[in-house]
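These notes are about the structure you will find just below.
Where a number appears in this text, it was derived from the coordinates with a stated rule and is not lab data. This is a predicted model, so every value here is computed, not measured. Neighbour counts run over all protein chains shown; Cβ positions are idealised from the backbone, glycine included.
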Amino acid sequence: MTNFRTTLSKWMRPAALRRFAARGIAAVLLGVSFWTAPAASVRAAEAVFILGEDPHGSAGYFAAAEFYYRHSMPGARTVATLRSLAEVREYLVRNKGETPWTRIVLVAHGSPWGGLLVPIYSDGPRASLAAMEEARASREFPALPPGVISADGSIVLESCGLGRRDDYLNALGDLFRTDAGSAQKVEAAQGFVVFYASDPGAPQRWELPIAIRMLRGGRAEWTEARLSSQERRLRETLAGARAHVTRDPIDIIVNYPGGPIRDSREAERLATADPNVLRQLHSLGIPAASLRWRSEAMGNDRGLRVFGEGVALIAYGEARTTP
């Protein structure tokens with residue numbers, strides 16, 4: 001049996017973003033809500049899907065993006081009630097107008113290794129790379145009928161860092177391909193997406209630079225002093241940008257019925273012989289060597305538990321760049 005656990009969302013939580021609000025920014029976000037225009041003024045060529053909502057009592061990240069998209073895409077059809085990619089697909093099919101959709105914006109939390117923190121189906125797996133590939137290969141996620149999305153249309157992900165994962169963007173585009181066409185073009189930011197709403201003034205969208213470093217080993221072996229030293233080095237890569245750093249543990253846990261393992265290299269060889277582990281590493285977009293591998297006996301002759309452990313450091317700067 002293979003069990004996989006990872007923490008992917010700490011760097012995207014509201015607490016990590018409140019620093020911006022403390023510096024006079026009204027609201028920032030990674031997932032957003034949007035203004036819905038009156039039905040009579042909406043054209044069915046562009047659509048914005050809000051695949052999440054602000055936690056109760058948060059600083060208003062969705063409100064800032066709503067303000068931004070009200071100004072930047074005033075004619076778009078906006079939907080804030082769907083929470084899965086399958087629901088988005090059905091909406092696109094059922095609500096296509098006289099012309100195909102040309103621009104589709106998907107707004108959700110996400111990370112370069114975890115992908116969108118949105119399920120493929122309302123009661124199904126999160127839309128990781130591996131899960132999307134499996135859904136497409138099994139045809140559980142049907143292709144779109146011809147003409148739903150225009151041949152030169154695009155899907156835009158408003159989710160941080162996913163522009164760094166061409167394999168993920170290609171898989172999402174393939175998931176939304178039509179019966180008769182090729183995969184859809186998918187665009188995404190490589191940096192940390194921030195929306196800014198000031199009064200007065202037009203709303204703005206910023207993309208902050210980010211840098212990522214994967215440390216081999218679990219949280220127990222990375223003391224505060226060692227982590228702080230690595231964080232200082234990572235900040236230096238964002239030249240001229242005031243940077244904040246967050247830490248995300250990534251753990252893969254595999255149970256085996258076998259006997260003792262001599263060292264970490266043998267633990268890695270055993271784990272990476274498991275197709276499920278290879279699938280998880282592929283989905284995360286990280287090599288096995290980026291994790292530290294170790295094993296523990298489970299007791300009562302129940303076999304071994306093999307761990308692949310790492311800590312991802314994510315630095316994001318305050319330098320502003322507009323798309």
Discussion item. Test of understanding: ordering 256, 168, 68 by Cβ neighbours within 10 Å, fewest first, what list do you get?
Written reply: 256, 68, 168
Worksheet entry | Separation in nanometres of the label points that stand 7 Å from Cα toward Cβ, at residue 94 and residue 138 | 2.3 nm
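Which net charge results for the neighbourhood of residue 86, defined as the other residues with beta-carbon distances under 11 angstrom from its beta-carbon, given Lys and Arg at +1 and Asp and Glu at -1?
-2
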Discussion item. Quick check: net charge around residue 224, other residues with Cβ under 13 Å of its Cβ, Lys/Arg +1 and Asp/Glu -1?
Written reply: +2
Item to complete: Scan region 100-188 for trypsin sites (Lys or Arg not before Pro) in coil per DSSP, keeping those whose Cβ has at most 11 other Cβ atoms within 10 Å, and list them by number.
Response: 139
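Between the DSSP loop rule and a limit of at most 15 other Cβ atoms within 10 Å, which GluC sites (Glu not before Pro) in region 160-266 are left?
221
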Worksheet item: At what distance in nm do the modelled label points of residue 166 and residue 151 sit from each other, each positioned 7 Å from its Cα along Cα→Cβ?
Response: 2.5 nm
Practice prompt. Please order 99, 272 by the number of other Cβ within 10 Å, starting at the fewest.
Written response: 99, 272
Worksheet entry | Potential lengthening between residue 202 and residue 233 on full extension [0.36 nm per residue; Cα-Cα distance subtracted] | 7.5 nm
